[in-house]
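One structure is given below, encoded as structure tokens.
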There are 2 protein chains.
Amino acid sequence: MKRIEPKLTVVGAGPGDPELITIKAARLLMEADIVLYDALVNTELLDYVPSSVPTIFVGKRAKAHAYTQQQINDLIIDSAFSYGHVVRLKGGDPFVFGRGWEEIEHARSFNIDAGYVPGISSSIGVAGLQQIPVTHRGTSESFWVITGTTSSGKISKDVQAAAQTNATVVILMGLHKLQEIVEIFSHAGKSSLPVSVVQNGSLTNEKYVLGNIDNIEKRVVAAGIGAPAIIVIGEVVALHPEYNKTLAEKIKIDNSFYSLN
Amino acid sequence: MKRIEPKLTVVGAGPGDPELITIKAARLLMEADIVLYDALVNTELLDYVPSSVPTIFVGKRAKAHAYTQQQINDLIIDSAFSYGHVVRLKGGDPFVFGRGWEEIEHARSFNIDAGYVPGISSSIGVAGLQQIPVTHRGTSESFWVITGTTSSGKISKDVQAAAQTNATVVILMGLHKLQEIVEIFSHAGKSSLPVSVVQNGSLTNEKYVLGNIDNIEKRVVAAGIGAPAIIVIGEVVALHPEYNKTLAEKIKIDNSFYSLN
């Protein structure tokens, strides 16, 4: 019988496209003793896991029981002592609003060896795949990634600070706060600043809209964009090859254009 | 004879560890007709390229001829028309200060089909592998990534703005500006803010130091840290398991501690 060596690796699955996982992450899935995965993880990635190895879904899904963070933490500990190497697979990168560090700290408090494998963060990768480079010489010298879902439930004060700067601003998990975000940027005098919202980035069912602070809410509604989505705000959005077309009250939905009026 | 179809894909190689490339990027290296790669790319990745396919180093190296961006742009066009699919392999992510968008725009101006494959950015991945999560619930709701090497040669104004905020600040290619960065954060009243500098992140020759705004310059010099390095500034740095040890005027070099006094 194999001796159980409790271990945790918090692993980034990338933004959705199953080819956008790292080779290291794929190898760890092949070597795992048990896999715990989140809702935003593409389940095709579980094909790397040997069929004898258990895989447990711990994310939130409509109508399904959602594990609390405490329950996930407990499950990690139980799994490590019962099975050995726990691969904790998370969408994007585990340290970009993924609560990965909380899980590592919890495991270490039980003397469980715990490590991390980075993943492609949607903040950079989904924007880029949608032809919006987060930085571009002469246009943006920085990008600022902010969560739209804080522990308090209120919008992060960092959004207000960001509206005062020239940084490309990327807001994750913030679609439900779009109205507040628009107000903040409007008050900062940035009504015409280009904005894009991308849903299901890197997947075949990706949807996106282009616009500016003034019209982005209307366009998101008209296009039927929903979560999970990223919001990209800044002059780099205007580099998108179709940005100029959108200036004339047009909306991009999937791969076809239509006029609002 | 195969018909030549000119094409460019700008591909992220990740931070250095050859396993931290995506499966898609590795596949494109196998399928490329020619590969142009930068100095920060781990050359082990070229093992994916079939031996019949040319690989050209276009980066800067001590004493070696360095291509200008214009020469690289020209080489991409020539290569695409002569060979077909050009894989342009860049360290980290091509759109994080990688000038990837410039190359895509240039190729498109010649009607060459051009695309992008994201890579693990050192801004997130190197920090995380060095046990510094760029975000952590209750500590940081955002991270701001800034280049230390602007087109003007001056320090980005975004560094000054960032020093006024609670964002985790990550500065890439900024080691030569460390003195200015320290002054900016000191003037913002943040002398005791935790800082880490990591050289050769994710590689076996990785070096790092932990400290604060007040003492980081001294520690970088004592540890002999040089470029390429990332600078991480913010309360999340104090989450590093060895951070508290460093408070007592100690410096971490490789895997051993020594006292300054």
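The values are calculated or read from the model by the stated rules, or taken from the named source; none is laboratory data. Here the structure is a predicted model, which means the values were calculated and not measured. Heads up, the Cβs are rebuilt from the backbone with ideal geometry, glycines too, and the neighbour counts pull from every protein chain shown. Surface accessibility is based on the protein's heavy atoms, side chains included, excluding ligands, DNA and RNA. Shrake-Rupley method; radii C 1.70, N 1.55, O 1.52, S 1.80 Å.
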(Q) Of the conditions (1) open to solvent by less than 40 Å² (accessible area, probe 1.4 Å); (2) more than 14 Å from every other protein chain (Cβ to nearest Cβ), B:VAL96 satisfies every one except a single condition; which number is it? (A) (2)
Q.
Between a residue in the range B:1-17 that is more than 23 Å from B:ASP78 (Cβ to Cβ) and any residue that is among the hydroxyl-bearing types (Ser, Thr, Tyr), which pairs come within a Cβ distance under 6 Å, given they are 6 or more apart or on different chains?
A. B:PRO15/B:SER122; B:PRO15/B:SER202; B:GLY16/B:SER202; B:ASP17/B:SER202
Q: Would you please list the contacts, defined by Cβ atoms under 7 Å and residues six or more apart or on different chains, that run from a residue in the range B:119-133 that is free of Cβ contacts under 8 Å to residues at least 12 places away in the same chain to a residue that is outside any loop (DSSP other than H, G, I, E, B)?
A: B:GLY128/A:TYR116
Q.
Residues that are in a helix (DSSP H, G or I), closer than 24 Å to A:ILE230 by Cβ and modelled with pLDDT of 95 or more: does the range A:5-16 have at least one?
A. no
Q: Tell me, please, whether a residue that is of a type in the set (A, V, I, L, M, F, W, C) and open to solvent by 10 Å² or more (accessible area, probe 1.4 Å) can be found in the range B:132-147.
A: no
Q) For the range B:109-120, which residues satisfy the criterion of being facing chain A (nearest Cβ under 8 Å) and open to solvent by 10 Å² or more (accessible area, probe 1.4 Å)? A) B:TYR116
Q) What do you reckon, is A:ASN244 open to solvent by 10 Å² or more (accessible area, probe 1.4 Å), in a loop (DSSP other than H, G, I, E, B), at pLDDT below 95 and at negative phi? A) no
Q: Run A:ALA39 past the list (1) buried (at least 17 other Cβ atoms within 10 Å of the Cβ); (2) modelled with pLDDT under 95 and report the number of the one that doesn't hold.
A: (1)
Q: For B:THR68, work out the one condition from (1) within 14 Å of another protein chain (Cβ to nearest Cβ); (2) modelled with pLDDT of 95 or more it doesn't fulfil.
A: (2)
Q) Quick one: is A:GLU103 under 26 Å from A:PRO241 (Cβ atoms), of a type in the set (Asp, Glu) and either buried (at least 19 other Cβ atoms within 10 Å of the Cβ) or away from chain B (no Cβ under 11 Å) (or both)? A) no
Q: Tell me which residues, restricted to the range A:121-130, are more than 8 Å from every other protein chain (Cβ to nearest Cβ) and crowded, with 22+ Cβ neighbours inside 10 Å.
A: A:SER122, A:SER123, A:VAL126
(Q) Suppose we keep only residues that are more than 20 Å from B:SER140 (Cα to Cα) and among the β-branched types (Val, Ile, Thr) within the range B:199-221. Which one would you say is farthest from the other protein chains (Cβ to nearest Cβ)? (A) B:VAL221
Q: Select from the range B:23-36 the residues that are open to solvent by less than 10 Å² (accessible area, probe 1.4 Å), touching a residue at least 40 places away in the same chain (Cβ under 8 Å) and within 14 Å of chain A (Cβ to nearest Cβ) and list them in ascending order.
A: B:ALA25, B:LEU29
Q.
With the requirement that a residue be aliphatic (A, V, I, L, M) and open to solvent by 10 Å² or more (accessible area, probe 1.4 Å), what does the range A:156-166 give you?
A. A:ALA161
